[in-house]
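First comes the structure, then the notes that go with it.
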Amino acid sequence: MKFALFLGCKIPYFVPQYETSMRMVLKALEIGLEDVEFNCCGYPVRNLHERSYVLSSARILALSESRNLGILTPCKCCYGSLKKAQYLLENHPNLRDEINESLADENLKYEGRIEVKHLLSVLFHDVGLSVIKEKITNPYEGLKIATHYGCHALRPSKVVQFDDPLAPTLFDRLVEVTGAESVDWSLKLQCCGNPLWGKNDALSLDLSVKKLEDAAESGAHALCVACTYCQIQFDTVQKEHIAGKASKVILPSILYPQLLGLAMGMDPGALGMDVNKIKPDVILDFISSSD
Amino acid sequence: MLFSISLYVALVIFGIGICVRIASWFRYRIGNEAQAISSGERVSAAISGTLRVIFSTKILTLIKVFFLDVLFQRKVLKEDVVRWIMHMCIFYGFMLLLLMHALENFISVPLFTNYYATVNPFLFLRNLFGALVILGLVIAIGRRMFVPGMRQTTRPMDIYLVALVGIILVSGIFLEATKIVSHTSFQEMVDEWAVLDDDELESLKAYWAADFGVVFPEPVAARDSDALEMGKEAHEMSCASCHSKPTWAFLSYGVSKGISPIAVTLTNARSQVWLWYLHFLASFVALAYLPFSKLFHMLSSPVSLFANAVMDPSTSATANVLTRRAMELDACTHCAACSLHCSVGVVFRQIPNETILPSEKLISLKAMASGKQLDDKELRRIQQGSYICTSCYRCTSVCPVGINLQDLWLSMREDLLREGYPENAAWARRILADRLGGQLRDKEATVTPAAGDLQKDMTVSLQAETFSSCFECQTCTNVCPVVNNYENPRETLGLLPHQIMHSLGLGLENEALGNQMIWDCLTCYMCQEHCPQGVQVTDVLYELKNRAYTRLTEEEG
């Protein structure tokens with residue numbers, strides 16, 4: 001199985017370990033990735049100018065179509081944006097014509113021939129839990145994870161079609177295949193707060209602190225996320241703006257490929273565990289030794 | 001005489017220009033930290049930093065960068081092979097012409113005892129180097145005309161440079177061509193260097209007319225093979241040691257054949273003198289203009305490559321980082337590689353603000369840093385472009401002269417913020433709060449449903465018209481995590497989601513736009529997901545943000 005990899009704008013400079021750990025895990029699971037020079041999905045510019053956003057996402061879809069490859073993206077905001085753009089283009093022929101006129105300058109055309117998938121969907125649906133389980137050599141014992149779904153992959157469910165929006169399970173099951181327990185926590189499906197970071201920092205932090213405290217109260221040792229922006233919020237922003245000088249971290253956040261990779265026997269350094277701003281080394285205490 | 005005077009004038013202007021440019025590296029302030037550090041501190045930090053690098057193992061990095069990035073230009077090759085070919089031709093052609101030809105008295109003559117401009121290999125090489133430059137210029141012009149991203153970013157400064165170099169090259173080729181055909185030059189040289197009787201002179205003329213491209217006003221008398229033989233002998237005695245066959249000067253020779261029909265007219269009109277003036281004056285204009293133009297990159301781009309190879313963000317002195325930023329503004333060659341690969345370059349097709357593109361944004365930053373007074377309209381354009389950037393780092397990794405663009409962009413935002421230009425949405429909400437925020441606080445005011453069909457007018461998101469289905473169940477407001485964050489949400493947010501939907505139903509767009517709720521929307525889609533009536537609440541809020549922003553940006557025209 002091969003996909004065009006859409007990393008989005010934030011990974012290369014801000015969360016490079018998401019890419020490295022993801023590539024390691026996907027390689028071990030025999031999922032092929034093709035690198036294409038894409039553009040920004042348009043999620044940030046949507047606040048100012050929706051057409052710019054639609055054209056941005058449409059170009060990405062058209063580029064993948066020209067290579068006959070479906071898209072795999074590790075970022076949930078990008079996922080939501082691409083799915084929404086696809087939904088708009090499918091349901092509004094006038095918009096599609098307008099966009100295609102602009103894309104024609106580059107000999108690109110959007111025809112709606114390829115699918116957009118999030119990393120977790122590929123792992124759950126295309127690889128499957130049983131295949132993943134076979135590759136687990138060092139399952140966790142006693143590790144409690146607060147699985148954070150994020151919002152842009154779950155909603156609006158009619159558009160994103162990722163999982164049940166009110167009682168999703170696929171991310172929990174992916175976490176549990178590693179041996180960790182995915183705990184119940186009331187704010188589980190709430191947004192991490194990152195969309196307001198840089199626009200209303202106080203509000204953004206309030207929302208994040210609420211989430212982190214709720215996760216900590218539920219007994220979790222760490223959060224697990226599968227979105228670039230969520231990781232930036234719970235890792236970088238928590239470190240620099242919540243933990244503060246006292247370094248009072250509420251809970252570390254680990255990226256799903258890192259969690260999975262460790263259970264597959266991969267080296268923590270190679271998975272970029274030391275690149276996380278808040279070291280999630282607590283996870284290592286729960287790894288069983290190799291069988 | 002004119003030559004010497006114009007050379008000295010050009011050198012003086014050049015010298016002053018270089019000093020002004022380099023001084024700016026220590027004076028221009030970019031980023032918050034720049035406010036607290038003086039130019040003097042920056043100069044001493046630069047000197048000590050440079051010395052520390054030279055007398056350390058980092059000197060090896062500099063040597064490696066010199067060969068791989070300055071001489072071989074691997075970053076250019078990585079970005080685009082055609083661009084690399086183009087620049088290699090121009091770079092090596094021009095540098096070698098400069099060293100071998102322009103500076104012949106200082107370099108070629110001392111180095112090569114047999115150097116004469118008209119003898120091989122120098123005759124051939126001069127034309128070869130010239131041909132390389134011409135080829136490079138043709139590719140450069142072609143790229144700027146036919147590669148879409150290049151066409152969009154081409155500015156007068158790019159055209160001037162190509163034109164100036166083109167004039168120098170073409171005037172040089174035509175100058176050599178007119179010398180080749182010149183019968184007056186032939187006579188001058190014979191008078192000075194040859195001792196010949198009349199027959200020998202005629203035969204030499206025949207030989208030179210046949211093989212050396214000279215065009216004489218009257219046909220040469222002696223033309224048979226004996227005459228040519230005698231001419232060849234005379235040539236070998238008096239001329240050959242300084243004159244290789246002009247066919248080796250392939251560019252000039254080709255041109256000389258082309259101008260042969262009018263050669264005598266040109267010669268008698270002293271065209272070679274005028275072309276000589278044109279050639280050296282154009283060269284001196286380039287020399288004087290160098291510090292003030294793109295040409296300056298010849299000196300500053302290697303500095304940027306060296307500096308960025310050895311500077312480490314975590315250990316470099318802040319004073320040196322500030323100097324590097326200012327220097328980088330001069331190192332930019334306006335090659336637009338950054339803009340061609342920019343992640344938000346596609347947005348430029350929808351929003352015609354060139355400061356979205358990194359190469360143009362850098363020019364704006366230069367204007368800001370130089371202390372140029374920019375008006376509100378200009379600063380808003382720069383603000384818009386600056387915050388559409390997603391800091392993806394691609395421009396930085398692509399820049400052929402190694403400029404740390406990411407650092408420049410982040411510093412630019414600090415400078416914009418200090419001027420009162422924050423992130424785009426933050427700016428819009430503040431202005432709208434000032435203008436419209438109070439409208440619904442006055443409980444005495446009558447609410448009048450507005451004329452006009454808002455439903456039909458809200459077409460940006462294509463689903464915003466769904467607000468008309470709202471029946472005020474308040475589910476959206478109740479599931480909103482932002483509303484739930486506050487003890488008294490109405491106080492902080494203004495109208496709440498269901499109230500905004502209702503306002504729109506009444507056509508009260510201004511009342512809706514004046515609320516912080518729109519800008520504090522998390523876009524988490526909880527409201528839209530749970531709405532029993534299919535109102536696209538989040539999308540409506542997106543549309544309102546778009547309308548607000550468009551209204552504000554269009555107002556200033």
Quiz item: Which residues' amide hydrogens lie under 5 Å from the amide hydrogen of B:Y525, considering only partners 5 or more residues apart or on another chain, with H built in the peptide plane?
Solution: none
Practice problem: Go through A:213-222, B:59-68 and give me the packing order, highest mean Cβ count within 10 Å leading. | Solution: A:213-222, B:59-68
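Output the relative contact order of chain B, whole-number percent, from Cα pairs under 8 angstrom with separation of 6+ residues.
16 percent.
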Quiz prompt | Estimated FRET transfer efficiency (B:F471, A:H241; beta-carbon r; R0 45 Å; 0.05) | solution = 0.65
Quiz prompt | Helix B:81-96 axis, angle to chain B major axis (alpha carbon atoms, nearest 10°) | solution = 40
Quiz item: Where the centre of each part is set by its Cα atoms, how far does the stretch B:277-349 sit from the stretch A:122-190, in angstrom?
Solution: 49
Quiz item: Taking the Cα-to-Cβ direction at A:E213 and at B:K257 and moving 7 Å from each Cα, how far apart do the two end points lie in nm?
Solution: 8.9
Exercise. Provide the three semi-axes, in whole Å and in decreasing order, of the ellipsoid equivalent to the stretch A:189-291 as defined by the square roots of 5 times the Cα gyration tensor eigenvalues.
Key: 25, 13, 13
Quiz item: Rg (Å, one decimal) plus Dmax (Å, integer) for the alpha carbons of the protein assembly as shown?
Solution: 34.7, 118
Quiz item: For the stretch B:481-491, what does the Karplus curve 6.51 cos²θ - 1.76 cosθ + 1.60, with θ = phi - 60°, yield as ³J(HN,Hα) per residue in whole Hz, taken in order and with x for Gly and Pro?
Solution: x, 6, 4, 5, 6, 10, 5, 10, x, 4, 5
Practice problem: Work out the mean other chain Cβ neighbour count within 10 Å for the residues of A:148-156 and drop it here as an integer. | Solution: 4
Quiz item: In nanometres, what is the gap between the two model label sites at A:D97 and A:Y13, each 7 Å from Cα along Cα-to-Cβ?
Solution: 4.0
Exercise. Using a 1.4 Å probe and ignoring any ligands, DNA or RNA, find the accessible area of A:R96 and quote it in Å² to the nearest 10.
Key: 70
Quiz prompt | Cα-based reach from B:K257 at 25 Å (exclusive), listing lysines while leaving out same-chain residues under 8 positions away | solution = B:K179, B:K205, B:K232, B:K245
Quiz item: Angle between the Cα long axis of helix B:250-259 and the longest principal axis of chain B, 0 to 90 degrees, nearest 10?
Solution: 80
Practice problem: Ignore the peptide's own chain and count Cβ atoms of other chains within 10 Å of each Cβ in B:344-357; give me the average, rounded. | Solution: 5
Self-check item: A:Q161-A:S186 pseudo-label distance in nm [points 7 Å out on the Cα-to-Cβ vector]
Solution: 3.5
Self-check item: On Cα atoms only, tilt of A:93-103 relative to the major axis of chain A in degrees
Solution: 90
Quiz prompt | Qualifying aspartates and glutamates (Cα of each under 17 Å from Cα of A:K2; at least 8 residues distant if same chain) | solution = A:E19, A:E30, A:E34, A:D35, A:E37, A:E65, A:E115, A:D126
Quiz item: At a Förster radius of 60 Å, what calculated FRET efficiency corresponds to the Cβ-Cβ distance of B:S316 and B:Q187, to the nearest 0.05?
Solution: 0.35
Quiz item: Residues of the stretch B:9-122: accessible area per residue at 1.4 Å, in Å²?
Solution: 59
Quiz prompt | For residues of B:536-543, the mean tally of beta carbons on other chains within 10 Å | solution = 2
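Stokes-Einstein at 25 °C, 0.890 mPa s, Kirkwood radius from Cα pairs: D for the stretch B:61-177 in µm² s⁻¹?
Translational D for this selection: 156 µm²/s.
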Practice problem: Sticking to Cα atoms, compute the Rg of the stretch B:321-380 to one decimal and its Dmax as the biggest Cα-Cα distance, whole number, in Å. | Solution: 12.6, 36
Quiz item: Direction-averaged shadow area of the convex hull around the Cα atoms of chain B, nm²?
Solution: 36.1
Quiz item: Calculated from DSSP H runs of 4 or more alone, at -39500 (n - 2.57) each and per residue, what is the 222 nm mean residue ellipticity of chain A, nearest 500?
Solution: -11000 deg cm²/dmol
Quiz prompt | Residues with amide H under 5 Å from that of A:C224, placed H, sequence gap 5 or more | solution = A:A146, A:T147, A:H148, A:I254
Quiz item: Could you name the lysines in cross-link range of B:K545, using Cα to Cα under 19 Å and dropping any fewer than eight places away on the same chain?
Solution: A:K84, A:K199, B:K456
Quiz item: For the stretch B:302-315, what does the Karplus curve 6.51 cos²θ - 1.76 cosθ + 1.60, with θ = phi - 60°, yield as ³J(HN,Hα) per residue in whole Hz, taken in order and with x for Gly and Pro?
Solution: x, 4, 5, 4, 5, 4, 6, 6, 10, 8, 10, x, 7, 10
Quiz item: For B:D199 and B:N268, FRET efficiency with R0 = 22 Å and r from the beta-carbon atoms, rounded to 0.05?
Solution: 0.25
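The values are calculated or read from the model by the stated rules, or taken from the named source; none is laboratory data. All of these numbers come straight from a predicted model, not from anything done at the bench. For neighbour counting, all protein chains shown are included, and Cβ atoms are generated from backbone atoms with ideal geometry for every residue, glycine included. To get the accessible areas, we keep the full protein, side chains included, count just its heavy atoms, and leave off ligands, DNA and RNA. Shrake-Rupley method; radii C 1.70, N 1.55, O 1.52, S 1.80 Å.
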